[in-house]
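Visitor: Below you'll find the structure I mean.
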Amino acid sequence: MTQDQKNLVKATVPVLKEHGVLLTTHFYKRMFGHNPELKHVFNMGNQKNQKQQTALAMAVLAYAEHIENPSVLLPVLDNIGHKHTSLDIRPEHYAIVGKHLLASIGEVLGETATPELLEAWTMAYQQLATLMSGHEQKIYNDQINKTGGWAGWRPFVVKEKVKESTEITSFYLYPSDNGVVADFQPGQYISLRLFLPELNLLQPRQYSISCSPNGKYYRISVKRESGNTHPDGMISNRLHDHVNEGDLIDLSAPSGVFVLNTELSRPKVFISGGVGQTPLMAMLEDLVQRKNEDESTPITWIHGCRNEAVHAFKDRLAEITNSHLNIRQHIFYDQVESLDTSFYQGWVELSKIKDQVIDQQAEYYICGPGPFISKHYTFLVDNNVPKSAIHFEEFGPASLQVN
């Protein structure tokens with residue numbers, strides 16, 4: 001790109017800040033109108049709740065702001081790359097997206113979209129597409145080269161379906177070819193896809209792996225959503241109601257950048273809300289199963305949910321904490337029906353256990369809804385925990401900007 005072209009792209013930053021979601025909403029409507037086959041690739045639940053439009057608008061804005069040096073966005077692009085490979089996004093998809101994104105810029109901006117501006121954005125998009133598709137090819141290669149690894153979609157059989165609470169059920173997924181499955185980094189997720197008769201579409205969803213690596217199966221633990229009319233909960237509820245032991249589902253290889261740092265010498269603090277504990281369960285199980293685990297390294301488990309009935313893995317966590325003296329757990333229930341003093345009443349409040357949570361040497365892992373993450377991230381930073389020591393994952397398209 002020439003410097004003049006970069007300047008033209010940067011000049012659109014104010015417009016993107018004000019009208020970015022309008023642009024991306026127009027883009028998705030246009031793309032799905034011309035290429036309806038892509039509805040099988042994209043999560044239509046995130047289209048309906050505007051999460052995907054917002055996430056794309058933020059990404060386009062960030063790219064425009066850093067057009068002089070896109071390499072500073074590599075951590076963000078790495079996260080997006082993992083999302084894309086988990087959905088089997090390929091270079092040809094970038095060509096389709098680029099066609100409709102550039103057309104949308106022209107249609108939304110109208111007369112202000114001069115030929116020079118559209119040419120500048122064409123060059124910018126080609127630069128981004130080359131960067132992203134190249135990075136994603138490396139991720140695909142890494143997945144293929146693992147023992148038991150693969151790229152694209154692979155059929156798995158549901159061998160066990162285990163109820164963990166009144167809302168959460170675990171699915172034990174084994175490859176239908178009886179082969180081994182690739183190891184993964186605790187905290188990563190897999191994508192699965194099911195046919196939704198209500199939408200007449202194949203739909204993908206991403207679920208954290210809730211067990212430690214074992215070479216034989218993956219376990220996902222899925223929350224039933226109240227009601228099933230919204231696309232966001234259709235896959236989860238279909239898993240609960242229509243997927244049974246012996247059924248086949250397609251999975252993509254494990255992906256994701258929210259992963260456990262296996263440097264065992266540093267204390268670990270896990271903070272979760274509701275079903276957000278699933279990737280943290282994989283991390284905790286991995287730590288306690290390591291042969292060389294240092295039992296003197298403190299591990300703190302903090303979890304909050306509505307009540308004891310919806311608390312998944314409660315017995316498993318009790319088993320782990322009772323057999324490992326270095327692990328402490330703090331459980332918060334918003335609804336309390338007994339005088340049991342082994343848990344706290346209310347939503348998770350780190351201030352109530354501040355002396356047992358704040359540690360300048362610890363690493364923190366937070367998972368849950370966006371407001372949950374923002375609240376506890378802010379508390380930790382306000383108490384002088386280094387930002388580099390705080391790792392978090394928001395389910396769904398990224399919308400948090402807390403760093």
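Visitor: Residues in segment 266-276: is at least one aliphatic (A, V, I, L, M), assigned by TED's automatic domain parsing to the domain that holds Ile373 and surrounded by fewer than 20 Cβ atoms within 10 Å (Cβ to Cβ)?
Guide: No - not one qualifying residue is present in segment 266-276.
Visitor: Please state which one of Thr12, Thr24, Thr85 is among the polar types (S, T, N, Q), surrounded by 15 or more Cβ atoms within 10 Å (Cβ to Cβ), farther than 25 Å from Met234 by Cβ and at pLDDT 90 or above. Don't jump to the end; show me each part of the working.
Guide: On the way: Thr24 fails: farther than 25 Å from Met234 by Cβ; Thr85 fails: farther than 25 Å from Met234 by Cβ.
None of the others qualify; the one that does is Thr12.
Visitor: If you scan segment 170-205, which residues turn out to be part of a loop (DSSP other than H, G, I, E, B), touching a strand residue (DSSP E or B) at 6+ places or on another chain (Cβ under 8 Å) and among the aliphatic types (A, V, I, L, M)?
Guide: Across segment 170-205, the qualifying residue is only Val181.
Visitor: If you don't mind, another one. Please work out if Gly346 is under 24 Å from the mean Cα position of the chain (by Cα) and of a type in the set (Gly, Ala, Ser).
Guide: Values: under 24 Å from the mean Cα position of the chain (by Cα): no; of a type in the set (Gly, Ala, Ser): yes.
No.
Visitor: Next question, about the same structure. Go through (1) touching a residue at least 24 places away in the same chain (Cβ under 8 Å); (2) in a loop (DSSP other than H, G, I, E, B); (3) under 23 Å from Val275 (Cα atoms) and name the single condition Cys367 misses.
Guide: So Cys367 meets the others, but not (2).
Visitor: Considering only segment 279-323, state which residues are among the hydroxyl-bearing types (Ser, Thr, Tyr), surrounded by 13 or more Cβ atoms within 10 Å (Cβ to Cβ) and assigned to a helix (DSSP H, G or I). Lay out the reasoning, then the answer.
Guide: Quick first cut of segment 279-323, residues among the hydroxyl-bearing types (Ser, Thr, Tyr) only: 296-297, 300, 321, 323.
After this cut, where a residue has to be surrounded by 13 or more Cβ atoms within 10 Å (Cβ to Cβ) as well, the list is 297, 300, 321.
Once the filter is applied, which keeps residues that are among the hydroxyl-bearing types (Ser, Thr, Tyr), surrounded by 13 or more Cβ atoms within 10 Å (Cβ to Cβ) and assigned to a helix (DSSP H, G or I), segment 279-323 yields only Thr321.
Visitor: Answer yes or no as to whether Ser236 is outside the structural domain of Ser86 (by TED's automatic domain parsing), in contact with a helix residue (DSSP H, G or I) (Cβ under 8 Å, 6 or more places away or on another chain), at pLDDT below 95 and not in a strand (DSSP E or B).
Guide: Working: outside the structural domain of Ser86 (by TED's automatic domain parsing): yes; in contact with a helix residue (DSSP H, G or I) (Cβ under 8 Å, 6 or more places away or on another chain): no; at pLDDT below 95: yes; not in a strand (DSSP E or B): yes.
In short, no.
Visitor: Separate question: Within segment 121-169, take every residue that is charged (D, E, K, R) and outside any strand (DSSP E or B) and give me the one that is surrounded by the fewest Cβ atoms within 10 Å (Cβ to Cβ). I'd like the intermediate steps shown before the answer.
Guide: If we filter segment 121-169 for residues that are charged (D, E, K, R), which is where we start, we get 136, 138, 142, 146, 154, 159-161, 163-164, 167.
Narrowing further to those that are outside any strand (DSSP E or B): 136, 138, 142, 146, 164, 167.
Details: Glu136: 22, Lys138: 11, Asp142: 14, Lys146: 15, Glu164: 22, Glu167: 21.
Selected residue: Lys138.
Visitor: Another question about this same structure. Taking segment 25-81, which residues are assigned to a helix (DSSP H, G or I) and of a type in the set (S, T, N, Q)? Spell out the reasoning first.
Guide: Of the residues in segment 25-81, the ones assigned to a helix (DSSP H, G or I) are 25-34, 36-40, 44-48, 51-65, 70-81.
Result: Thr25, Asn46, Gln47, Gln52, Gln53, Thr54, Ser71, Asn79.
The values are calculated or read from the model by the stated rules, or taken from the named source; none is laboratory data. Quantities reported herein were computed from a predicted structural model and do not represent experimental measurements. We place every Cβ from the backbone using ideal geometry, glycine too, and count neighbours over all the protein chains shown.
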